[in-house]
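Asks: Below you'll find the structure I mean.
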Amino acid sequence: MMILLGLNSSCKKYLDVSHELAEEMDMDKIFSNPADVRRWHRNIYTGIPNTGDYARDLNGLNLPWPQLSDEIERAQGGSDINIVAYNAASTAYGRWSLYQLIRQANVFLERAVEIPQSGNADFISAGEIEELKTQARFFRAYYHYLLFELYGPIPIITDIADPSSPELDYERNSIDEVVQFIDSELTAVAARLKDPDLNNQQQLAVPTKGVALAVRARLWMYAASPLFNGGYQEALSLTNPSGKNLFPTYNAEKWKQALAAVQDFIDYANAGHYELYKAYTNGVYDPDKSLYEVFMSFNRETIFARSDVNWGAVPQSGVDGWSVPRGARGGTSTTGYIAVTQSLVDDFFMNDGLGIHESGLYREDGYSVSGDDLTDRTEVGTRMMYVNREPRFYQTVFYNGRKWHVGHEQIWFNKGGNSDNTGSTDYARTGYILYKRLSKRVYNEGSNPRSEYRPAIVFRLAEFYLLYAEALNEVNPTDARILAYIDKVRERAGIPRLADIKPEIHGNQGAQREAIRREMRVELATEGQRYFDVRRWMVADKEVDAGGQGGPIYGMDMNASTLDGFYKRTVTERRVFERPMYLYPIPLSEIQISKKLIQNPGY
């Protein structure tokens with residue numbers, strides 16, 4: 001494969017860690033120098049997805065997924081990123097480059113050895129080498145998982161091929177082979193990795209036993225879900241030139257395997273390693289504070305995170321800078337453009353825990369007067385569709401007429417308002433901007449900080465509580481733990497438990513499945529997982545209003561001449577979702593130079 005050919009051609013191309021190592025250094029020199037060995041190893045970490053980067057220059061290893069699903073609507077420089085089907089010749093959001101890091105891990109596993117102490121010189125003990133090799137083995141498995149998540153069946157690479165050898169051309173392994181390989185590797189390293197150090201933020205990106213168990217749990221949830229378990233009809237006949245079939249037929253036992261894997265993680269988490277983050281104000285539980293702070297610092301809900309992340313600064317840099325609306329201090333004509341879709345706005349619950357179509361608290365039209373807001377979270381005069389919503393809504397969506405968090409400027413996206421900039425290519429195209437994970441301290445005035453560091457979370461515990469509920473429901477819908485684990489998430493979010501307001505759904509697999517998916521939709525909103533969930537469930541080919549990814553995207557009417565007219569649901573974009581898009585295309589350049597590598601269905 002081309003990426004492997006390119007990487008074998010010189011040490012420089014796959015090291016890329018420093019000028020010192022970029023010279024023509026041979027392997028023996030590198031792996032006899034402790035400093036170079038550690039640098040080589042540290043570079044293996046660089047494939048951890050940067051979930052704090054979702055503003056510009058997107059690729060498959062930062063966070064394009066909210067914008068490629070029904071959560072965010074954005075155009076940058078006049079170019080929409082969701083209105084055409086994928087093309088194998090244009091794979092900006094791919095992850096095929098991870099094979100570079102897989103090869104670097106393989107080289108490390110083969111060549112790294114103990115370097116004994118000699119005088120005062122640096123050295124690497126046998127114990128350190130063993131620990132570093134365990135981490136490298138984890139990353140090799142994890143990067144295969146990230147490739148599997150996007151492409152489905154992939155080549156498993158565990159050797160270091162000679163670039164001149166014809167054996168460098170690899171075929172894809174089957175779904176079952178890929179799952180079994182990743183599972184066996186994660187099981188092996190989980191027994192050797194350390195427990196998380198909950199007091200050391202510098203160790204956020206270091207793989208731990210909990211991280212390995214979490215990836216394994218996610219892996220099996222994919223393996224059991226329809227996309228990879230007999231539900232993708234177009235892929236069932238996909239066969240390698242050698243005759244190997246790549247996709248399995250349906251196997252109900254895989255849900256039991258998935259439950260066992262998630263159970264392993266939950267048991268580990270519940271043994272004191274992780275817990276949902278909760279914050280208190282004057283001794284009283286504060287859901288708003290909890291939902292904000294969970295992303296702002298290292299805490300016991302964080303399972304895995306990338307630590308070397310820059311969230312940007314005001315004005316106009318990174319997520320924090322680019323998200324400031326024009327009407328706030330530091331906002332300019334090209335900011336505040338990461339827009340939330342109306343379908344996501346509508347899917348948040350009301351403060352009574354019910355959906356907008358179920359709750360008596362919801363009103364579509366009119367503006368609030370004193371006494372309307374039972375939660376005291378909005379200003380008098382707020383459009384009623386934003387009043388009495390759940391706490392997660394207010395932590396995720398910045399809507400028209402809301403006040404900015406520092407200068408308290410009231411922001412208006414409607415035509416003529418202080419953040420109206422519909423003449424630009426970068427603006428709040430739906431009449432909302434994404435508020436989740438923004439720092440509420442940065443502000444371009446006075447002594448306020450212009451930037452604020454926080455980790456970029458890859459996995460957190462709330463998702464795994466919901467995955468646990470999903471696996472339980474697919475195996476035994478009568479299990480009382482299904483609602484119990486959904487309700488752990490809802491209680492932290494500050495809304496009533498399903499067991500209290502919808503006890504009748506207990507044991508109803510379809511109703512519980514819908515409840516789990518709705519909870520995932522709002523709890524994990526814009527964190528990157530929905531793109532993959534709607535695909536593994538195989539509901540993505542429905543229209544957005546039915547939980548899919550195609551068809552019209554709605555927002556407010558940005559061109560209305562009156563404020564009342566602004567609050568009319570209006571089509572802002574029409575999305576394309578075609579059946580081949582259930583899997584991402586392998587780069588055409590790879591297919592063209594290989595005799596064994598076949599493309600995903602439909603490309």
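The values are calculated or read from the model by the stated rules, or taken from the named source; none is laboratory data. Worth saying up front: this structure is predicted, and the values here are computed from it rather than measured. Quick reminder, even Gly has a Cβ in these numbers, built from the backbone with ideal geometry, and neighbours come from all protein chains shown.
Asks: Mind checking which residues of the range 324-353 are in contact with a Pro (Cβ under 6 Å, 6 or more places away or on another chain) and modelled with pLDDT of 90 or more?
Replies: Correct list: Gly353 only.
Asks: Working carefully through the options Gly355, Gly366, Gly336, find the one that is among the small types (Gly, Ala, Ser) and under 19 Å from Tyr443 (Cβ atoms).
Replies: Answer to the selection: Gly336.
Asks: Another question, if that's okay. Taking the condition of being on the phi > 0 side of the Ramachandran plot and modelled with pLDDT of 95 or more, how many residues in the range 116-152 meet it? Walk me through how you get there before you give the answer.
Replies: At the first step, the residues of the range 116-152 found to be on the phi > 0 side of the Ramachandran plot are 119, 152.
Narrowing further to those that are modelled with pLDDT of 95 or more: 152.
So the count comes out to 1.
Asks: Kindly indicate the residue of the range 539-575 that is of a type in the set (Lys, Arg) and out of contact with any Pro (no Cβ under 6 Å at 6 or more places or on another chain) and also farthest from Tyr337 (Cα to Cα) among those meeting that condition.
Replies: To start, the set of residues in the range 539-575 that are of a type in the set (Lys, Arg) comprises 542, 568-569, 574-575.
Okay, now just the ones that are also out of contact with any Pro (no Cβ under 6 Å at 6 or more places or on another chain), so 542, 568-569, 575.
Details: Lys542: 26, Lys568: 20, Arg569: 18, Arg575: 18 Å.
Within the range 539-575, the match that is farthest from Tyr337 (Cα to Cα) is Lys542.
Asks: Give all pairs with beta carbons closer than 9 Å in which a residue from the range 585-603 that is farther than 13 Å from Tyr151 by Cβ and of a type in the set (D, E, K, R) meets a residue that is modelled with pLDDT under 95 and surrounded by fewer than 17 Cβ atoms within 10 Å (Cβ to Cβ); count only pairs at least 6 apart in sequence or on separate chains.
Replies: That search, which allows pairs on different chains as well, returns Lys595/Asp169; Lys596/Asp169.
Asks: If we scan the range 94-104, do we find a residue that is surrounded by fewer than 18 Cβ atoms within 10 Å (Cβ to Cβ) and touching a Ser or Thr at 6+ places or on another chain (Cβ under 9 Å)?
Replies: As a first pass, look at the range 94-104 and keep what is surrounded by fewer than 18 Cβ atoms within 10 Å (Cβ to Cβ): 97.
With touching a Ser or Thr at 6+ places or on another chain (Cβ under 9 Å) added as a condition, the list becomes none.
No: the range 94-104 contains no residue that is surrounded by fewer than 18 Cβ atoms within 10 Å (Cβ to Cβ) and touching a Ser or Thr at 6+ places or on another chain (Cβ under 9 Å).
Asks: Can you list residue pairs whose Cβ atoms sit under 8 Å apart, with the first residue in the range 275-293 being β-branched (Val, Ile, Thr) and the second being part of a helix (DSSP H, G or I)? Count only pairs 6 or more apart in sequence or on different chains.
Replies: Every condition considered, the pairs that remain are Thr281/Lys289.
Asks: List the number of the failed condition for Thr341; all other conditions in (1) surrounded by 18 or more Cβ atoms within 10 Å (Cβ to Cβ); (2) touching a helix residue (DSSP H, G or I) at 6+ places or on another chain (Cβ under 9 Å); (3) over 24 Å from Gly423 (Cβ atoms); (4) polar (S, T, N, Q) hold.
Replies: (3)
Asks: Could you check the range 172-216 and list, in sequence order, the residues that are among the polar types (S, T, N, Q) and assigned to a helix (DSSP H, G or I)? Reasoning before the result, please.
Replies: First, pick out the residues of the range 172-216 that are among the polar types (S, T, N, Q): 173-174, 180, 184, 187, 199-203, 208.
Scanning the range 172-216 gives Gln180, Ser184, Thr187, Gln201, Gln202, Gln203.
Asks: Here's something else I'd like to know. Quick check on my filter: what residues within the range 376-400 are in contact with a helix residue (DSSP H, G or I) (Cβ under 8 Å, 6 or more places away or on another chain) and part of a loop (DSSP other than H, G, I, E, B)?
Replies: Arg377, Thr378, Glu390, Tyr399, Asn400
Asks: Mind checking which residues of the range 235-276 are polar (S, T, N, Q), under 24 Å from the mean Cα position of the chain (by Cα) and over 17 Å from Leu219 (Cα atoms)?
Replies: Asn270
Asks: Test Glu358 against the criterion of being free of Cβ contacts under 8 Å to residues at least 40 places away in the same chain and under 27 Å from Pro552 (Cβ atoms), and give yes or no.
Replies: Numbers: free of Cβ contacts under 8 Å to residues at least 40 places away in the same chain: yes; under 27 Å from Pro552 (Cβ atoms): yes.
Judged against the criteria, Glu358 is a match.
Asks: Given Asn444, Asn418, Asn448, which one is outside any helix (DSSP H, G or I), over 27 Å from Phe298 (Cα atoms) and touching a residue at least 40 places away in the same chain (Cβ under 8 Å)?
Replies: Details: Asn444 fails: over 27 Å from Phe298 (Cα atoms); Asn448 fails: over 27 Å from Phe298 (Cα atoms).
On inspection, the qualifying residue turns out to be Asn418.
Asks: Can you tell me which residue is farthest from Gly494 (Cα to Cα) among those in the range 511-559 that are in a helix (DSSP H, G or I) and free of Cβ contacts under 8 Å to residues at least 24 places away in the same chain? Before the answer, list the steps.
Replies: Pass one, the range 511-559, residues in a helix (DSSP H, G or I): 511-523, 530-536, 544-546.
Next, only the ones that are free of Cβ contacts under 8 Å to residues at least 24 places away in the same chain stay: 511, 514, 533, 546.
Values: Ala511: 22, Glu514: 20, Asp533: 25, Ala546: 27 Å.
Checking each candidate, the answer is Ala546.
Asks: State yes or no: is Gly360 over 30 Å from Lys488 (Cα atoms) and either of a type in the set (Gly, Ala, Ser) or not in a loop (DSSP other than H, G, I, E, B) (or both)? Please lay out each step first, then the result.
Replies: Details: over 30 Å from Lys488 (Cα atoms): no; either of a type in the set (Gly, Ala, Ser) or not in a loop (DSSP other than H, G, I, E, B) (or both): yes.
Taking the combined requirement at face value, the residue does not satisfy it.
Asks: Among what's in the range 233-259 and is crowded, with 22+ Cβ neighbours inside 10 Å and touching a helix residue (DSSP H, G or I) at 6+ places or on another chain (Cβ under 6 Å), pick the residue that is nearest to Tyr584 (Cα to Cα). Give the steps one after another, and end with the answer.
Replies: Here is the first cut: in the range 233-259, the residues crowded, with 22+ Cβ neighbours inside 10 Å are 235, 246-247, 254-255, 258-259.
Keeping just the survivors that are touching a helix residue (DSSP H, G or I) at 6+ places or on another chain (Cβ under 6 Å) gives 247, 254-255, 258-259.
Details: Phe247: 15, Lys254: 23, Trp255: 24, Ala258: 24, Leu259: 27 Å.
Ranking the qualifying residues of the range 233-259, first place goes to Phe247.
Asks: A further question on this structure: Output yes when any residue across the range 380-392 is over 20 Å from Val571 (Cβ atoms) and either surrounded by fewer than 17 Cβ atoms within 10 Å (Cβ to Cβ) or modelled with pLDDT under 95 (or both), and no when none is. It would help to see each step written out before you state the result.
Replies: Taking the range 380-392 first, the residues over 20 Å from Val571 (Cβ atoms) are 380-382, 384, 386-392.
Then keep just the ones that are either surrounded by fewer than 17 Cβ atoms within 10 Å (Cβ to Cβ) or modelled with pLDDT under 95 (or both); that gives 380-381.
Yes, the range 380-392 contains at least one residue that is over 20 Å from Val571 (Cβ atoms) and either surrounded by fewer than 17 Cβ atoms within 10 Å (Cβ to Cβ) or modelled with pLDDT under 95 (or both).
Asks: For the range 414-434, which positions are modelled with pLDDT of 95 or more and of a type in the set (Phe, Trp, Tyr)?
Replies: Result: Tyr432, single match.
Asks: Could you please tell me which pairs satisfy a Cβ distance under 7 Å, a separation of 6+ or placement on different chains, a first residue in the range 206-223 that is within 12 Å of Phe464 (Cβ to Cβ) and touching a residue at least 24 places away in the same chain (Cβ under 8 Å), and a second residue that is outside any helix (DSSP H, G or I) and among the hydroxyl-bearing types (Ser, Thr, Tyr)?
Replies: Taking only residues 6 or more apart or on different chains, the pairs are Gly210/Tyr274.
Asks: Specify which of the listed residues (Asp373, Asp308, Asp352) is part of a loop (DSSP other than H, G, I, E, B), within 30 Å of Ala205 (Cα to Cα) and acidic (Asp, Glu). First the steps, then the outcome.
Replies: Numbers: Asp373 fails: within 30 Å of Ala205 (Cα to Cα); Asp352 fails: within 30 Å of Ala205 (Cα to Cα).
Of the residues listed, the single one that is part of a loop (DSSP other than H, G, I, E, B), within 30 Å of Ala205 (Cα to Cα) and acidic (Asp, Glu) is Asp308.
Asks: Right, here's the next one. Given the conditions (1) touching a strand residue (DSSP E or B) at 6+ places or on another chain (Cβ under 8 Å); (2) not in a loop (DSSP other than H, G, I, E, B), which single one is not true for Asn50?
Replies: (2)
Asks: Run Asn245 past the list (1) without any contact (Cβ under 8 Å) to a residue 40 or more places away in the chain; (2) over 29 Å from Ala136 (Cβ atoms) and report the number of the one that doesn't hold.
Replies: Just one mismatch for Asn245, condition (1).
Asks: Something else: Within the range 122-164, work out how many residues are within 21 Å of the chain's Cα centre (by Cα) and in a helix (DSSP H, G or I).
Replies: 14
Asks: Does Asn421 meet the test of being out of contact with any Cys (no Cβ under 9 Å at 6 or more places or on another chain) and under 27 Å from Ile81 (Cβ atoms)? Let's see the steps before the verdict.
Replies: Details: out of contact with any Cys (no Cβ under 9 Å at 6 or more places or on another chain): yes; under 27 Å from Ile81 (Cβ atoms): yes.
Considered against the rule, which asks whether it is out of contact with any Cys (no Cβ under 9 Å at 6 or more places or on another chain) and under 27 Å from Ile81 (Cβ atoms), Asn421 comes out as yes.
Asks: Would a scan of the range 513-536 turn up a residue that is over 29 Å from Leu438 (Cα atoms) and either aliphatic (A, V, I, L, M) or at pLDDT below 95 (or both)?
Replies: Checked against the condition, which is being over 29 Å from Leu438 (Cα atoms) and either aliphatic (A, V, I, L, M) or at pLDDT below 95 (or both), the range 513-536 yields no hits at all.
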